[in-house]
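Values in this text are rule-based calculations from the coordinates and carry no lab data. Only a predicted model underlies this, so the values are computations on that prediction, with no experimental measurement involved. Backbone-built Cβ (ideal geometry, glycine too); neighbour counts: all protein chains shown.
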Amino acid sequence: MKTITTDVRFAEDRDAGELAEIHASSWLGAYRGIIPHKSLTKMVERRGSAWWTKAIHNRAAILVLEFGDEIAGYATLGKNRTSALSVGGEIYEIYLQPKFQGLGFGRRLFGAGRTLLQDRGMHGLSVWALADNDTAMGFYASIGGADIAEGEETFEGVKLRKVAFVWP
């Protein structure tokens with residue numbers, strides 16, 4: 001019987017193509033019908049494998065979760081970018097391939113990201129989610145995020161509400 005393992009690790013050069021594919025499929029799945037088509041398409045297209053290779057070379061904090069021999073998802077994280085939020089760290093993104101959603105991998109990536117931020121001296125963290133993304137909103141609420149602030153993003157003249165979740 002073959003044992004399949006899961007592991008969270010930092011992204012490496014060899015991951016760039018797979019990260020681009022995961023980004024495209026997860027963003028299209030999450031934001032189709034929310035973010036206007038033209039804007040969403042541009043956002044997906046600009047994040048090809050060359051973009052990911054550059055981010056990895058620039059030492060961006062990108063975690064990947066491997067399931068067996070493939071990447072199930074990724075998280076990007078670093079310092080909190082919103083001065084009004086009194087937390088040290090921020091998880092910028094957590095995305096999973098659609099086929100791996102609902103299996104606990106998002107929680108695992110979140111936990112690994114939170115631990116990494118704490119290990120780097122960033123206590124407390126924030127995550128922003130578009131309010132119309134019911135899956136993200138439910139996920140962050142289910143893992144104890146406190147909905148404490150709102151903002152807006154504008155795409156092609158369409159204003160979308162976003163929500164900040166924080167953890168101490």
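Between GLU21 and THR135, what FRET efficiency follows from the Cβ-Cβ distance if R0 is 30 Å, with the result rounded to 0.05?
Once rounded, the FRET efficiency stands at 0.95.
Which of SER86, SER126 comes first, and how do the rest follow, when ranked by fewest Cβ neighbours within 10 Å?
In increasing order of surrounding Cβ atoms, one gets SER86, SER126.
In region 6-123, if every C-alpha pair distance is counted and binned at 5 Å from zero, what percent goes to each bin?
2, 12, 20, 22, 21, 15, 7, 1, 0
How large is the charge dipole for region 6-123, taken about the Cα centre, if only the Cβ atoms of Lys, Arg (+1) and Asp, Glu (-1) carry charge, to the nearest 20 debye?
Value, rounded to 20: 540 debye.
Most exposed first by the Cβ proxy, i.e. fewest other Cβ within 10 Å, how do SER83, SER26, SER142 rank?
Least to most surrounded, the residues fall as SER83, SER142, SER26.
If you average the alpha carbon positions of region 31-109 and of region 142-160, how far apart do those two centres end up, in angstrom?
A separation of 16 Å, based on Cα centres.
Please list, by residue number, every one of the trypsin sites (Lys or Arg not before Pro) in region 1-96 that is coil in DSSP and has at most 13 other beta-carbon atoms within 10 Å.
LYS2, ARG46, ARG59, ARG81
Given R₀ = 25 Å, FRET efficiency for ASP147-ARG81 by Cβ-Cβ distance, to 0.05?
0.90
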